Amino acid sequence: MGGKPYTQIPIAECGEPLVPIPPSFVRLQPHPYQSLGAPYGSASPFYLRVRVIAALERAQAFLEPYGWQLAIFDAYRPIAVQQFMVTHTFASLCQEQGYDLQQLEPAIASQIWQQVYQFWAVPSSDPQQPPPHSTGAAVDLTLADQAGHPLDMGGTIDEVSERSFPDFYDRHPEQRNAACFAQRRQILYQAMRHAGFQRHPNEWWHFSLGDQLWAWQMQQQTGQRHIIARYGRIDL
Ligand SMILES: C[C@@H](N)C(=O)N[C@H](C)C(=O)O
Ligand SMILES: [Zn+2]
């Protein structure tokens, strides 16, 4: 299930440390994957690389005039957690769609895997193809008000649905509150782009800076083929 074009981008690991996200940032807790029993060991999902945190500070400052702030859903993810969540998502989709995991026809299984990998990266242990969150350079987040309450963005983080596509409400103005949700997603995007991040093409909440997906998107947007990833997989 590999083959996403960004996984071909070279990585020149810069060696920057993975450090805790400062407590000044709102964290959405309890952490959803820890609550499911994902195998973090001694690692924390609220860690990122140093310059990624510096960029998050810039995005946070951009939001001040709106009276909003960032709320962190998830950041660093060991490969074992990526594997756990991919397996969990597959099993959940089977259950939601009424299929028995033990008696799944190959064609149905392959259809459901496609849905999973539309939103989740492959938990590859190949150092040349790390899942984005295992580099400490990717973060899933949303907007919150001044009190730290998350805003309604017209869909929940990790939803395996059309609503997760960033431009869903621009394409569906007939949906209730479409203009509001489209605008909130746009402001979140602007704040993160202002700080240097790129957004995942299928997820309004996933941003990264300096990983392979970021470098691939930078190359696509600027035509500058020398842009490569500076963060590879980092294990704690
Ligand atoms: C699904 C979401 N939580 C996520 O992080 N997706 C990206 C693509 C990933 O798995 O790296
Ligand atoms: Zn993500």
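Quick one: which residue in PRO32, PRO45, PRO78, PRO65 is open to solvent by 30 Å² or more (accessible area, probe 1.4 Å) and touching a residue at least 24 places away in the same chain (Cβ under 8 Å)?
Working: PRO45 fails: open to solvent by 30 Å² or more (accessible area, probe 1.4 Å); PRO78 fails: open to solvent by 30 Å² or more (accessible area, probe 1.4 Å); PRO65 fails: touching a residue at least 24 places away in the same chain (Cβ under 8 Å).
Just one listed residue meets the conditions, PRO32.
Does ARG225 count as assigned to a loop (DSSP other than H, G, I, E, B), among the charged types (D, E, K, R), modelled with pLDDT of 95 or more and at negative phi?
Details: assigned to a loop (DSSP other than H, G, I, E, B): yes; among the charged types (D, E, K, R): yes; modelled with pLDDT of 95 or more: yes; at negative phi: yes.
Yes.
Specify which of the listed residues (TYR117, TYR76) is touching a Phe, Trp or Tyr at 6+ places or on another chain (Cβ under 6 Å), within 16 Å of ligand 2 (Cβ to nearest atom) and aromatic (Phe, Trp, Tyr). Before you say what the answer is, go through the steps one by one.
Working: TYR117 fails: touching a Phe, Trp or Tyr at 6+ places or on another chain (Cβ under 6 Å).
The conditions single out TYR76.
Please go through region 97-122 and give me each residue that is open to solvent by 70 Å² or more (accessible area, probe 1.4 Å) and not in a helix (DSSP H, G or I), ordered by number.
Correct list: GLN97, TYR99, ASP100, GLU105.
Here is a list: ASP126, ASP152. Which entry is among the acidic types (Asp, Glu) and either closer than 21 Å to TRP205 by Cα or not in a loop (DSSP other than H, G, I, E, B) (or both)?
Details: ASP126 fails: either closer than 21 Å to TRP205 by Cα or not in a loop (DSSP other than H, G, I, E, B) (or both).
It is ASP152.
How many residues are within 19 Å of TYR6 (Cβ to Cβ) and either among the charged types (D, E, K, R) or more than 15 Å from ligand 2 (Cβ to nearest atom) (or both) if we restrict to region 172-215? Don't jump to the end; show me each part of the working.
Taking region 172-215 first, the residues within 19 Å of TYR6 (Cβ to Cβ) are 189, 192-193, 196-215.
Among the residues that remain, those that are also either among the charged types (D, E, K, R) or more than 15 Å from ligand 2 (Cβ to nearest atom) (or both) are: 193, 196, 199, 203, 211, 215.
Summing the residues that are within 19 Å of TYR6 (Cβ to Cβ) and either among the charged types (D, E, K, R) or more than 15 Å from ligand 2 (Cβ to nearest atom) (or both) in region 172-215 gives 6.
Restricting the search to region 203-222, which residues are farther than 23 Å from SER125 by Cα and outside any loop (DSSP other than H, G, I, E, B)?
MET218, GLN219, GLN220, GLN221, THR222
Among (1) open to solvent by 60 Å² or more (accessible area, probe 1.4 Å); (2) in contact with a Gly (Cβ under 9 Å, 6 or more places away or on another chain); (3) of a type outside the set (Phe, Trp, Tyr); (4) within 16 Å of ligand 2 (Cβ to nearest atom), there is one condition GLN128 misses while meeting the rest; what is its number?
Here GLN128 meets the rest and fails (4).
The values are calculated or read from the model by the stated rules, or taken from the named source; none is laboratory data. From a predicted model like this one, the values you see are computed outputs, not experimental measurements. Virtual Cβ from ideal backbone geometry, glycine too; neighbours counted across all protein chains shown. Just so you know, the surface numbers come from the protein's heavy atoms only, side chains and all, with ligands and any DNA or RNA stripped out. Shrake-Rupley method; radii C 1.70, N 1.55, O 1.52, S 1.80 Å.
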